[in-house]
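Below: one structure, written as structure tokens.
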Amino acid sequence: MLDTVKVPTDFEPIFLKAHEYVSNYFKEKKEEPSKGTIEIFGERYILIRAASMSVDFFDTVKNLYKEEGEEEALNVARNLLFDIAHAIGKADARNFHIKMKLKDPIEKLSAGPVHFAHSGWAFVDIFPESRPTPDEDFYLIYDHTFSFEADAWKKAGKRSDCPVCVMNAGYSSGWCEESFGMPLVTAEILCKAKGDEVCRFIMAHPSKIEGYIRAYLNKEPELATKVKKYEIPGFFKRKQIEDELRESEAQYRSIFNSTTDSFLIFDHDGNIVEGNPQACKMYGYPYKELIKLSDKDIVHPDYYHLFEQFKRDIQETGEFHAESIDVRKDGTPFNIEVMGAEFNYKGKRHLLAVVRDITERKRAKKDLENSKQHFQMLFNHMVDPVVIIDSEGVFLAVTDRVEEITGFKREELLGRNFLQLEIVTDESKALMAENLAKRTKGQDVAPYEVEVLLKDRRKMSYEVNAALITYMGKIADMVVFRDISDRKRAKEELRKRTDDLERFNKLAVDRELVMIELKKEINLLYERLGEKPRYRIASVKDEKLEI
């Protein structure tokens, strides 16, 4: 007959066997007060007053942590007691399994509640819905009748707002964890010390415990009203935090070692205590040499003051950002950008400096500024009028020559659309807008003619050549206006003189002298157009010029 544990009928045979194992174990008890020893089955045991490990322990810890507040003190006490009991439960289970030569996980587990009763912790009542399977679906729900912890609180006349049977939870989960070889955790949801009728526990895998508790309380709504507060033991919380911390540290270390920026960690005296591989590469020092240096070993003398500024800025704003000049091991100076913050490193406050070599960036910036200045100089001194407009036709830049010709000041043009200004004729505006739209779509546009309105509102003919460029970060059109008025006049004069020549050719008169003069004038007009003369003037009888 089972009198040390209560279990579902299906479990009775195996627990009867466990009852026999444990009873035989505890029969071999030997007490020798003269030696101060108690031995059970050859193992030395000790007797401890129950209240010392529960209500008195909580009071002691609360007194030690009174400055931190009662809630924090209770958390410390619960965590310590659970950890101790969990470790004891695992160790007792391991020892018992070896002594009694138990191999089967269920047999190992079944001995736990019986051992629990014999050692004075509590009487265990396991519920039928329990599923002690050797996987993450493990589920055990049980009461601890006569729990030594709840009993100690009641006898002391004290009441708790939350469950107090922390050692019961730790020991039982430790025993079962050792039996099944997988992590298990127990949470007490009802406790006599806070006025409940029973001390009730749910044991499960850490990943499932919260879900099982919620499911049970949903199924038992009347009990749920009594379960105002329960704790998932801190042992597993801390383990989870430690796992997350290790993962976080691994991620930090990966970033720290693989980043293309240099990371340097300084103490508040300016000594380098840590550096990543990129820092070693940047400064030219092996790691073991780098971490023996201080800020003054790597900073240019003109910038020694920056470390003190670093500390001041961190204290005032929480961050630091500056440009400086550092020095490599071989004495080569180089430009850097440094960003900094304060953080905890190995339990102390340190300064983290993220250093970026900006030598090439500074050089490129200087080259770009020189290039811009050179472009601006060439742009402003171009003989032909030149404008830069965006895809909408808004002026981004104009040359001095545009001001001279149109009479508009630069400030009157910049930021305005050429369509809104009387700077070209309406017909030319339409043609320019059409061709601008074509170019912005990537289409080629041949040079074309427009009429520009001068300061005195006279019209001048200009040939327009345009090309897409990048200007001030925008895709823009650079438009060059070339004065072709003189060429057009020469063409017109050429046309007239050619007509005259043709007309004289038809006259039946002596025209040699007239022809020579006309040919001279025509040749001059060709020269003004930049072309070769068409006629050779040798004599009045030699009129043809072969080109």
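The values are calculated or read from the model by the stated rules, or taken from the named source; none is laboratory data. Here the structure is a predicted model, which means the values were calculated and not measured. Methodologically, a virtual Cβ is constructed for each residue, glycine included, from the backbone with ideal geometry; neighbour enumeration extends over all protein chains shown.
In the stretch 105-115, the count of residues that are without any contact (Cβ under 8 Å) to a residue 40 or more places away in the chain and out of contact with any Ser or Thr (no Cβ under 6 Å at 6 or more places or on another chain) is zero. VAL338 - would you say it is under 20 Å from PHE256 (Cβ atoms) and aliphatic (A, V, I, L, M)? The answer is yes for VAL338. For LYS6, the conditions (1) among the charged types (D, E, K, R); (2) more than 23 Å from ASP104 (Cα to Cα); (3) touching a Phe, Trp or Tyr at 6+ places or on another chain (Cβ under 9 Å) are fulfilled apart from (2). Do you know which residues across the stretch 297-321 are buried (at least 16 other Cβ atoms within 10 Å of the Cβ) and more than 15 Å from VAL355 (Cβ to Cβ)? LYS311, ASP313, ILE314, listed by residue number. Taking the stretch 167-219 as the range and being among the aliphatic types (A, V, I, L, M) and farther than 16 Å from PRO113 by Cβ as the test, the residues that pass are MET182, VAL185, ALA187, ILE189, LEU190, ALA193, ALA204, ILE209, ILE213, ALA215, LEU217. From the list TYR25, TYR65, the lone residue that is hydroxyl-bearing (Ser, Thr, Tyr) and either surrounded by 18 or more Cβ atoms within 10 Å (Cβ to Cβ) or not assigned by TED's automatic domain parsing to the domain that holds VAL164 (or both) is TYR25. Restricting ALA446, ALA430 to those that are at pLDDT 85 or above and in a loop (DSSP other than H, G, I, E, B) reduces the list to ALA446. In the stretch 275-296 there is at least one residue that is of a type in the set (S, T, N, Q) and either in a helix (DSSP H, G or I) or buried (at least 19 other Cβ atoms within 10 Å of the Cβ) (or both).
Each residue in the stretch 463-477 was checked for being of a type outside the set (Asp, Glu), crowded, with 16+ Cβ neighbours inside 10 Å and closer than 11 Å to SER391 by Cα, and 1 pass.
Does the stretch 157-171 contain at least one residue that is without any contact (Cβ under 8 Å) to a residue 24 or more places away in the chain, within 30 Å of GLU71 (Cβ to Cβ) and part of a loop (DSSP other than H, G, I, E, B)? The answer is yes; a qualifying residue exists.
The rows are residues; the columns are (1) within 27 Å of ILE232 (Cα to Cα); (2) touching a residue at least 40 places away in the same chain (Cβ under 8 Å); (3) in contact with a strand residue (DSSP E or B) (Cβ under 9 Å, 6 or more places away or on another chain).
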{"site": "PHE11", "(1), (2), (3)": "no, yes, yes"}
{"site": "LEU16", "(1), (2), (3)": "no, no, no"}
{"site": "VAL22", "(1), (2), (3)": "no, yes, no"}
{"site": "ARG44", "(1), (2), (3)": "no, no, yes"}
{"site": "ALA50", "(1), (2), (3)": "yes, yes, no"}
{"site": "VAL55", "(1), (2), (3)": "yes, yes, no"}
{"site": "ASN63", "(1), (2), (3)": "yes, no, no"}
{"site": "GLU71", "(1), (2), (3)": "yes, no, no"}
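Within the stretch 434-462, being closer than 18 Å to LEU419 by Cα and acidic (Asp, Glu) holds for GLU434, GLU449, GLU451.
Going by the conditions given, is ARG416 under 30 Å from PHE334 (Cβ atoms) and not hydroxyl-bearing (Ser, Thr, Tyr)? No: the conditions fail for ARG416. Restricting the stretch 412-427 to residues that are of a type in the set (A, V, I, L, M) and in contact with a helix residue (DSSP H, G or I) (Cβ under 8 Å, 6 or more places away or on another chain), the residue that is farthest from GLU449 (Cα to Cα) is LEU413.
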